[in-house]
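Every number in this text was worked out from the coordinates using simple rules, so none of it is lab data. Keep in mind the model is a prediction, meaning the values are calculated, not measured. Reconstructed Cβ throughout: ideal geometry from the backbone, glycine too, with neighbour counts over all protein chains shown.
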Amino acid sequence: MRRMILTLALLLVGGCATMAPDRERPEVNLPATWAAAKADAGATSPDINATGWREVFADPALQKLIETALLENRDLRQAVLALDKARAQYGVVRADSLPNVDASGRNSNTRSPGDLRGGIEGIDRQWAAGLGVASFELDLFGRVRSLEDKALEEYLATEEARRAVHITLVSQVARTYLTLAGDREALDLARETRQSRQATLDLTLARIANGMATDLERHQAEEAVAVTQSEEARLTAQVAMDENALAVLTGRPVAELDLPARAVRDVAMGAAVAPGLPSELLARRPDILEAEHRLWAAGAQIGAARAAFFPRISLTGSMGYASLELHDLFDAAARTWTFIPSISLPIFDAGRNKANLKVAEADRQIRVAAYELAVQNAFREVSDALAKNEGYEGQAQAQARRVASAGQSRILVDKRYEAGLESAFAVHDAERTLFSARQDLLAARLARQLAVVELYAALGGGWDEGGAETSIQ
């Protein structure tokens, strides 16, 4: 009984503490507010971490594409499987903190000659049954606990990696669908412009037949038509590539996808997103949280490396019954037990333990640098996205004014050309200017919408919409 009490006491003491360094989040100098954010943005815009991606991407067709991608995308499926693997690996390491009890049964039969059995030959039989614990380590210095903590942090880091894949996938689908809508709109613009220039070419050919135009004007008109035909062919191929990209992201053939948007304005977006405070990124961005868990895992490895310098105590024991006859096996007199404690102390290992400790400490420093870099990159990405949101808004407004002016110029040039006051070159130049202005306006509007997607991804919010939390019990 006293042995059992002593053993239980040792078990309770073991694993209560580790030699890992204290967890201290590295200090990263961040400003109090975002320089590019509007002063009243937080008052009117929803918090992306609370609303989810459905509030940001309100278009029904886009939401359907995102839902399909979250179910069928192979990158996300690999991330989920990697999470399952990490959870299983944590379970394997966690099992080492508890004794492994095995039940066993044995029967041996041995025939021996008379010389070995007192002159009487015969068969010796033995029966045994019992429970045993093999080489259970008393974790007095926290080695096993440190390894368990490391496995847990690596599992949590893998979970954050899955969250990052989730956010990236949602933003990729939104970005590709918006790009598809923009390319379709650009294709329609190219077709419209090509038809207009073809009409100009037809008019020029008619004027040549009546002696009112020159071959130079014909060549200029043909060149203008060829430019738009080339752009139309390029955009046709680009639209097909956008559709193929969506097929890969969603895991469905293009023919099964509902892609109704023909212009950027057809893709409905939700309300503007509040960036919150820079410090909130530390608890929101999955890549920062992943780097943090990797840092804690490196600290736990230091604890295990330090514990390797101290003695390791292992217990092996069993209890059960043994008898020469099966019917006497479970009699009280047939009880048997063994108890084998062992201790090992490193004396000479050619510097292996010291080297392992240095490796663990170096790895922790690497993780500190990786964490700081993740925070710096996250801050830069959000700052860039906020700046783009501000810049593209003004750019789109300016391009709209440019299109309006170019359109009026085209009308006036056409009238002056009909009156014989302008050359055909002026007409073609006005057409090129208007086409270029409309292309630039389309690009600015698309960039403005893509900046919202970029801000969504940079803030790392809304990841759990349509997903499920996982936890360790």
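Things worth noting here:
- Among LEU281, HIS293, ALA79 - extreme Cα towards positive end, dipole of the chain, charges at beta-carbon: HIS293
- Angle in degrees between helix 74-95 and the longest Cα principal axis of the chain, rounded to the nearest 10: 20
- Here the Karplus curve 6.51 cos²θ - 1.76 cosθ + 1.60, taken at θ = phi - 60°, turns the phi angles of segment 227-237 into couplings of 4, 6, 5, 5, 5, 5, 5, 5, 5, 4, 5 Hz, with x standing for Gly and Pro.
- Sequence of LYS354, LYS150 once ranked by neighbouring C-beta atoms within 10 Å, starting from the fewest: LYS354, LYS150
- Amide H within-cut-off set for TYR321, under 5 Å, with H built and near neighbours excluded: ALA129, GLY130, THR336
- Percent of C-alpha pairs per 10 Å bin, segment 59-117, short to long: 15, 18, 16, 14, 13, 9, 6, 4, 2, 1
- Exposure proxy ranking, count of Cβ atoms within 10 Å, fewest first, for SER383, SER112, SER344: SER344, SER112, SER383
- Two-decimal log10 I(q)/I(0) for the chain, as the Debye equation yields it once each C-alpha is a single scatterer, q = 0.08, 0.10, 0.11, 0.14 Å⁻¹: -0.73, -0.93, -1.02, -1.27
- Between 0 and 90 degrees, the angle of helix 143-209 with respect to the longest Cα principal axis of the chain falls at about 20 degrees.
- Extents of segment 213-310, taken as max minus min of Cα coordinates on every principal axis and listed largest first, are 98, 35, 34 Å.
- Each Lys and Arg contributes +1 and each Asp and Glu -1, all at the Cβ; summed about the Cα centre of the chain, the dipole is approximately 960 debye.
- Between the Cα long axis of helix 60-72 and the first principal axis of the chain there is an angle of about 30°, rounded to the nearest 10.
- PHE57 long-range amide H proximity, modeled H, under 5 Å: GLY270
- When the helices of the chain are scored as -39500 (n - 2.57) per DSSP H run of n ≥ 4 and the total is divided over every residue, the value at 222 nm lands at -21500 deg cm²/dmol.
- Using the Karplus relation 6.51 cos²θ - 1.76 cosθ + 1.60 with θ = phi - 60°, the per-residue 3J(HN,Hα) values for segment 385-402 come to 5, 5, 5, 5, 4, 5, x, 5, 4, x, 5, 5, 5, 5, 5, 5, 5, 5 Hz, with x marking Gly and Pro.
- The string of couplings for segment 211-226 from the Karplus curve (6.51, -1.76, 1.60, θ = phi - 60°) is x, 9, 9, 10, 5, 4, 5, 5, 5, 5, 5, 5, 5, 5, 5, 4 Hz, one whole number per residue in order, with x for Gly and Pro.
- Working from Cα pairs under 8 Å separated by at least six residues, relative contact order for segment 184-226 is 41 percent.
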